[in-house]
Amino acid sequence: MSIVSKKPVEKRVPEQELQGVTFRRLKPNIDPRGCFTEIFQEAWDLGIAPVQWSLVRTDVNVFRGMHLHWRHDEYYALVSGRCVVGLYDVRRDSPSRGNYALYELNEDDPHCICFPPGMLHGLYYFEPTIHLQAVSESYDTYQHDDNLGCRWDDPDLAIPWPFDNPLSSPEQDSYPPLKTILDDVD
């Protein structure tokens with residue numbers, strides 16, 4: 001297993017480079033008792049109407065993704081730890097189609113990220129991490145045909161991930177190349 005990078009992700013891409021993605025700073029309210037941080041408000045207009053919230057724990061050097069969904073938006077906010085979220089736009093009519101972005105989430109500088117359907121997405125965890133995840137579709141009604149993906153290391157993605165050899169699931173390791181997804185979209 002390779003050593004995990006401790007340096008910050010060098011490329012934090014502004015949201016306007018991927019249409020429909022919101023990367024929002026969260027404001028911790030700290031007092032002698034601890035900290036209170038709002039993680040979601042309807043008034044923020046993040047583009048998601050959450051139907052389900054989940055708490056996800058992940059170990060060090062784990063990669064989850066690259067996943068693709070056509071029927072639901074997603075939202076992530078970190079509770080503890082540090083990860084990088086990679087997004088790649090495959091939406092046919094999007095002006096940012098074919099573009100990628102990396103966004104760092106960490107407990108010391110809290111942000112949330114929200115993105116629409118049609119974004120390939122993957123998360124790499126630099127350390128043990130807990131994050132909250134919201135989706136605009138319940139997993140009870142979730143269909144297998146909307147759980148697509150491609151390999152994180154596909155050269156056509158050209159995402160400069162800050163890691164080399166992550167732990168991933170056998171399902172993720174068997175994902176097809178990006179070209180297969182793009183052929184299906186076109």
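Listed conditions (1) surrounded by fewer than 19 Cβ atoms within 10 Å (Cβ to Cβ); (2) at pLDDT 95 or above; (3) small (Gly, Ala, Ser) are all met by residue 98, apart from (2).
As a summary of the residue check, residue 15 satisfies the conditions (1) surrounded by 15 or more Cβ atoms within 10 Å (Cβ to Cβ); (2) modelled with pLDDT of 95 or more; (3) more than 25 Å from residue 176 (Cα to Cα); (4) among the charged types (D, E, K, R) except for the one numbered (2).
Could you list, in sequence order, all residues of the range 115-130 that are of a type in the set (Val, Ile, Thr) and either crowded, with 22+ Cβ neighbours inside 10 Å or under 14 Å from residue 103 (Cα atoms) (or both)?
We begin by selecting, within the range 115-130, every residue of a type in the set (Val, Ile, Thr); these are 129-130.
Answer for the range 115-130, where residues must be of a type in the set (Val, Ile, Thr) and either crowded, with 22+ Cβ neighbours inside 10 Å or under 14 Å from residue 103 (Cα atoms) (or both): just 129.
Residues that are surrounded by 14 or more Cβ atoms within 10 Å (Cβ to Cβ) and within 25 Å of residue 108 (Cα to Cα) within the range 131-166 comprise 131, 132, 133, 134, 135, 159, 161, 162, 163, 166, listed in sequence order. Among the residues of this structure, residue 71 does not count as one that is assigned to a strand (DSSP E or B), under 17 Å from the mean Cα position of the chain (by Cα) and not aliphatic (A, V, I, L, M). If you go through the range 135-186 and keep only what is free of Cβ contacts under 8 Å to residues at least 12 places away in the same chain, under 18 Å from residue 87 (Cα atoms) and among the acidic types (Asp, Glu), you end up with just 153. Residue pairs whose Cβ atoms lie under 8 Å apart, separated by 6 or more positions or on different chains, with the first residue in the range 19-35 and closer than 14 Å to residue 107 by Cα and the second assigned to a strand (DSSP E or B) and charged (D, E, K, R), are 25/109.
The values are calculated or read from the model by the stated rules, or taken from the named source; none is laboratory data. As the structure is a prediction and not an experimental result, all values here were calculated from the model. As a convention, Cβ positions derive from the backbone with ideal geometry for all residues, glycine included, and neighbour counts pool all protein chains shown.
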